[in-house]
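> One structure coming up, written as structure tokens, with questions to follow.
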Amino acid sequence: MARKTISGLYKRNGTWHIDKVFRGQRIQESTGSSDRKEAEQYLIHKLEKLREQKIYGVRKIRTWREAATRYLTEFKGQPSIGLTAIYLEQLDPYIGDQPLTHVDDETLAPYIRDRLKSTKTSDGKLKPGVSHRTVNIALERVIRILNLCARKWRDEQKRPWLDVVPMITKLEEKKTRRMPYPMSWEEQSILFAELPDHLRRMALYKVNSGSREQEVVKLRWDWEIPIPELNTSVFLIPADFGGRHESSGVKNSDERLVVLNNVAKPVIEGQRELDPIWVFPYGQPDRNGKATPVHRMNDSAWKKARVRAAKKFQERFLRPAPAGFASIRVHDLKHTFGRRLRAAGVTEEDRKALLGHKNGSITSHYSVAELGKLIDEANRISVTDSRGPALTILRRMAG
């Protein structure tokens, strides 16, 4: 007589998975086994646990995936939830099916190893693994969710999802952290000459305004505020600005004032009439007259330009380009702005205001005199270099 098989199992990629409804509750998970008999034993064990839970109130053993799903649902309005979702998706193949009690350093080790490991691209080049900081951002999400399981989330009997939160070990960051690299004027001239026109305009504005990348690519005309007393204008980026993701928000959750020095202002003037909404539109407007905003500055064009710039540096100075310049990041333009302000003798308080680091300030309440002073301070860097390479590039753009 043939042995009766248990329903609710199916095979995918060589592994048996469960998809079964038991007492009104649907079970969907991997058994972790390629052997049918072992998979059936696992399912029997699972069903018995559910039966005990229904009859005797035995606490349900919850998986990491359940906790991660609840977090994404409960905190969907959080500014960084889009980024969190990416990290949780990366973690899922490693710990998704694990009971919460099994999420610890040991089960996270394969994820950490794979994220740090260099991989080969389709063209045979070696792509380095992510930084320790990037891994730690994911681990911080794990710690946050496990803490919620122990301290906030409760089952029907008011028992916590997890009794004890394990100590998750984060990676050392100091030795692997990529330090900021403020450019010299010569390096700026070399790099900007290699950028395509639309990126060059954004980079020139960014290095003279201290704006963050998304504050440049998503800059809107309706954020501009004319200051007729000073014959100029400023941009006031709202506190709820979405950035790359719809609800990512401005850093520090505060309005962000951006003043225009003698270099940034002509860049902005050169962008007028290109699009009614976006200051730095991408491509030509569609049939409705609407253009698409740039998604990011750190694209393939930027990466190719910095490779060419490193070669030009070596040709000009007969020595390899500094490592920081060869891998120059878009955010380093902001560091360059801050370093030049400091070198020009701008006070720390004014530097914070110009860089958007002034926590708790109500930027919309600046007086005309205060705005004039900030613009004067920002102008101090536009004349720092007597040869004015940034202005030279601006004239080339205008021509």
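> Tell me, which helices (runs of 4 or more DSSP H) wholly within the stretch 73-188 include 1 or more residues that are surrounded by fewer than 18 Cβ atoms within 10 Å (Cβ to Cβ) and in contact with a strand residue (DSSP E or B) (Cβ under 7 Å, 6 or more places away or on another chain)? So that I can check it myself, show each step before the final result.
Values: elements: 81-95, 105-116, 132-151.
Fully inside the stretch 73-188 and qualifying: 132-151.
> Here are some conditions: (1) over 21 Å from the mean Cα position of the chain (by Cα); (2) among the hydroxyl-bearing types (S, T, Y); (3) under 30 Å from M179 (Cβ atoms). T134 meets all but one. Which one does it not meet?
The number of the failed condition is (1).
> Another question about this same structure. What are the pairs, 6+ residues apart or on separate chains, where a residue within the stretch 327-352 that is over 26 Å from L195 (Cα atoms) and assigned to a helix (DSSP H, G or I) has its Cβ under 7 Å from a residue that is among the hydrophobic types (A, V, I, L, M, F, W, C) and open to solvent by less than 80 Å² (accessible area, probe 1.4 Å)?
Listed pairs, sorted by first residue: D350/L374; R351/L341.
> Please enumerate the residues belonging to the stretch 189-243 that are on the phi > 0 side of the Ramachandran plot and either in contact with a strand residue (DSSP E or B) (Cβ under 7 Å, 6 or more places away or on another chain) or open to solvent by 20 Å² or more (accessible area, probe 1.4 Å) (or both).
Taking the stretch 189-243 as the starting set, the residues that turn out to be on the phi > 0 side of the Ramachandran plot are 210, 231, 243.
Once the filter is applied, which keeps residues that are on the phi > 0 side of the Ramachandran plot and either in contact with a strand residue (DSSP E or B) (Cβ under 7 Å, 6 or more places away or on another chain) or open to solvent by 20 Å² or more (accessible area, probe 1.4 Å) (or both), the stretch 189-243 yields only N231.
> Is there any pair with a first residue in the stretch 26-42 that is within 12 Å of I6 (Cβ to Cβ) and assigned by the TED database to the domain that holds T15 and a second that is among the acidic types (D, E) and assigned to a helix (DSSP H, G or I) whose Cβ atoms are under 8 Å apart and which are 6 or more apart or on different chains, and what are they?
Going by the 8 Å Cβ cut-off, the qualifying pairs are T31/E38.
The values are calculated or read from the model by the stated rules, or taken from the named source; none is laboratory data. None of the values given here were measured: they were computed from a predicted structure. Quick reminder, even Gly has a Cβ in these numbers, built from the backbone with ideal geometry, and neighbours come from all protein chains shown. SASA here: full protein model, heavy atoms, side chains in, ligands and nucleic acids out. Shrake-Rupley method; radii C 1.70, N 1.55, O 1.52, S 1.80 Å.
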